[in-house]
Amino acid sequence: QQQVKQSPQSLIVQKGGISIINCAYENTAFDYFPWYQQFPGKGPALLIAIRPDVSEKKEGRFTISFNKSAKQFSLHIMDSQPGDSATYFCAASIVGGYQKVTFGTGTKLQVIP
Amino acid sequence: NAGVTQTPKFRILKIGQSMTLQCTQDMNHNYMYWYRQDPGMGLKLIYYSVGAGITDKGEVPNGYNVSRSTTEDFPLRLELAAPSQTSVYFCASSSASGGKNIQYFGAGTRLSVL
């Protein structure tokens, strides 16, 4: 019930292309869905987040699409750049209470010139 | 702003040795967490704390212990290190304000047990 399933495990995209990473969750009590970006040798850092009362959130080239009925959400990176090469984690949590976060297994994105 | 600071950055241990991974945050966050990251496995929660003096187990607590005597510090103790504890360890903190749960991570400690 606490799992967050993420796919694909790895992704290679040409510069300028669209990168798409998908996640699915089971626990309908989750009410906060962040994406974290991690560069080699660094800790993860928040990239963008969404709450389930909206279907889409856009920040620059990064967009989260959220489908509450299907219990799925995805990250779209438009005009992908070599600097976007990193590992991306989706996550889900319940705000308040113990504030625990359940992370997906990560997607290693490589953007090639 | 230092944020979340972890020490050491790297460590090699022999089987059976013990060590403490240090974590401190300067954001006055009540919530703190320890994760381990293994290739292809994402981040697994080891222990967490909701405030000074309050800790609880996460998904993978065996072989580890924590304490939280102050808001700032949340050390992770490894007793009798085993090769299965070879991993990258991340400490994180968060607050419950603003209807969000944003986790702020340290740079990690890379541990090898040989």
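With protein chains left intact and a 1.4 Å probe, residues in segment A:4-112 average 46 Å² of accessible area per residue.
The antiparallel fraction among DSSP beta bridges confined to chain B stands at about 90%.
For the residue pairs B:LYS14/B:LYS57; A:LYS5/B:LYS14; A:LYS58/B:LYS57; A:LYS15/B:LYS9; A:LYS57/B:LYS44, the alpha carbons lie more than 31 Å apart in A:LYS5/B:LYS14; A:LYS58/B:LYS57; A:LYS15/B:LYS9.
Computing Rg and the Kirkwood Rh from the Cα coordinates of the protein assembly as shown gives a ratio, Rg/Rh, of 0.97.
Of all the options A:SER85, A:SER19, A:SER55, the one that moves most in a Gaussian network model of chain A with Cα springs shorter than 10 angstrom is A:SER55.
Determine the dipole magnitude for the protein assembly as shown: charges of +1 sit on the beta-carbon of Lys and Arg, -1 on that of Asp and Glu, nothing else is charged, the reference point is the Cα centre, and the result goes in debye to the nearest 20. Could the numbers behind the result be given before it?
Values: 21 positive and 14 negative charges, 71 e Å.
The dipole of the protein assembly as shown has a size of about 340 debye.
Kindly provide the GluC sites (Glu not before Pro) of segment A:1-94 that DSSP labels as loop, not H, G, I, E or B, and whose Cβ sees at most 16 other Cβ atoms within 10 Å. Let's see the in-between values first.
On the way: sites: A:GLU26, A:GLU56, A:GLU59; in loops: A:GLU26.
Counting only loop positions with at most 16 other Cβ atoms within 10 Å, the GluC sites (Glu not before Pro) in segment A:1-94 are A:GLU26.
Can you give the FRET efficiency to the nearest 0.05 for A:MET78 and B:GLU59, using r as the Cβ-Cβ distance and R₀ = 30 Å? Kindly include the intermediate steps, with their values, before the conclusion.
Working: r = 34 Å, r/R0 = 1.15.
Between A:MET78 and B:GLU59 the formula returns 0.30.
Under the rule a/c < 1.5 gives rounded, and otherwise a/b versus b/c splits prolate from oblate, where does segment B:59-114 land using the Cα gyration tensor? Note, shape of segment B:59-114 comes out prolate.
Remark on chain A: Rg and Dmax equal 13.5, 45 Å (Cα only). Treating cross-link reach as a plain straight distance, find the aspartates and glutamates whose alpha-carbon is under 18 Å from the alpha-carbon of A:LYS68, omitting any fewer than eight places away in the same chain. Here the aspartates and glutamates satisfying the reach criterion relative to A:LYS68 are A:GLU26, A:ASP31, A:ASP53, A:GLU56. About the centre of its Cα atoms, chain A shows a dipole size close to 120 debye [charges on the beta carbon of Lys, Arg (+1) and Asp, Glu (-1) only; nearest 20 debye].
Heavy atoms of chains B and A lose about 1800 Å² of accessible surface on contact, summed over both sides with a 1.4 Å probe.
A quarter of the convex hull surface defined by the alpha-carbon atoms of segment A:10-64 gives 5.1 nm² as the mean projection.
Each of B:GLN22, B:SER49, B:GLY3 was placed along the dipole of chain B (beta-carbon charges, centred on the mean Cα), and the one lying farthest toward the positive end is B:GLN22. At q = 0.19, 0.20, 0.34 Å⁻¹, what log₁₀ I(q)/I(0) does a Debye calculation on the Cα points of segment B:20-59 give, no solvent, two decimals? Results for segment B:20-59 at q = 0.19, 0.20, 0.34 Å⁻¹ read -0.63, -0.68, -1.17.
Its residue count N fixes a reference of 2.2 N^0.38 Å for segment B:4-107, and the Cα radius of gyration divided by that reference is 1.03.
The values are calculated or read from the model by the stated rules, or taken from the named source; none is laboratory data. Fair warning: this is a prediction, and the values are worked out from it, not measured in the lab. Heads up, the Cβs are rebuilt from the backbone with ideal geometry, glycines too, and the neighbour counts pull from every protein chain shown. The protein model used for the area step is the full one, side chains on, heavy atoms only, and it has no ligands, DNA or RNA in it. Shrake-Rupley method; radii C 1.70, N 1.55, O 1.52, S 1.80 Å.
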